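Below is one structure, written out as structure tokens; the observations come after it.
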Amino acid sequence: MRVTGIFVTVILYVAIVFSAVVFLVAVQLRSEGGENFDLWRLNCNENRRLLGEQEKALTSRQQEQGQNNEQRLFVETCLRLFDGKGILRSELIDAETARNARKAAVDRTPLDRLTGPVYCLVRGYPNLQFDQSMDDMHDKGYSLQIDGLQKSLDSTQQQYAELIKGREDFVALASLANVWYEKPLLVCPYDLVVLLLV
């Protein structure tokens, strides 16, 4: 019994001393930056979140513009099958393509099931011109959106550069957030001390 009591006392003593040291380390590390560090870290986290959203939106718009450009090139290729007056250049169409196009038109085959020159012939010159104007309009819209997003992205990156300029101590302290023991050993003890002092 006596040995068990001594053992428990030693364990409790070690635990109390260890907790006290952890509290002191947490307070020391957090108090170096104090309120300024907490505000700085919030600004940095918000900046990184906003930057991620902007990069994602920019990538999405660039992909959409790329798909639109592929459609534009296809429509331009289709329009080459017609002269400036919209008359089909029969020398560019082989007999099998013409036959397949007539059959698709008679059967009212949906356009999304047609490919290549057959699609071009069934779609027709007026509709291809309309497609071209719509694709051009979409391309201009995508370009404006991409320019705006790129400017916002550059501004956000510039803000981050200003946030970390001359703040190497804050950057080093914030890097602790990436280690597994940051929350249980630094954040929670500091918050607990603050609560106890209030």
Practice task
Please find, among GLN159, GLN129, the residue that is within 40 Å of the chain's Cα centre (by Cα), under 30 Å from LEU58 (Cβ atoms) and touching a residue at least 24 places away in the same chain (Cβ under 8 Å).
Solution key: GLN159
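Every residue, every condition in (1) small (Gly, Ala, Ser); (2) more than 37 Å from the chain's Cα centre (by Cα), yes or no:
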residue: ARG49; (1), (2): no, no
residue: ARG61; (1), (2): no, no
residue: GLU76; (1), (2): no, no
residue: GLY84; (1), (2): yes, yes
residue: THR97; (1), (2): no, yes
residue: ARG113; (1), (2): no, no
Exercise for the section: Pick out the one residue from ALA105, ALA98 that is farther than 29 Å from TYR142 by Cα, part of a helix (DSSP H, G or I), touching a residue at least 12 places away in the same chain (Cβ under 8 Å) and out of contact with any helix residue (DSSP H, G or I) (no Cβ under 6 Å at 6 or more places or on another chain). Expected result: ALA98
Problem - Pairs, first within 14 Å of GLY148 (Cα to Cα) in the range 52-79, second of a type in the set (Ser, Thr, Tyr) and surrounded by 16 or more Cβ atoms within 10 Å (Cβ to Cβ), C-beta under 7 Å, six or more apart - result: GLN54/SER152; GLN54/THR156; ARG61/TYR142
Exercise for the section: Check whether at least one residue in the range 75-83 is exposed (fewer than 12 other Cβ atoms within 10 Å of the Cβ) and either in contact with a helix residue (DSSP H, G or I) (Cβ under 8 Å, 6 or more places away or on another chain) or not in a helix (DSSP H, G or I) (or both), and report yes or no. Expected result: yes
Handout entry: Boolean, ASP154 is surrounded by fewer than 12 Cβ atoms within 10 Å (Cβ to Cβ) and modelled with pLDDT under 90
Key = no
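The values are calculated or read from the model by the stated rules, or taken from the named source; none is laboratory data. What you are looking at is a predicted structure, and each value in this text was computed from that prediction instead of being measured. Don't worry about glycine lacking a Cβ; one is built from the backbone with ideal geometry, like all the others, and counts go over all protein chains shown.
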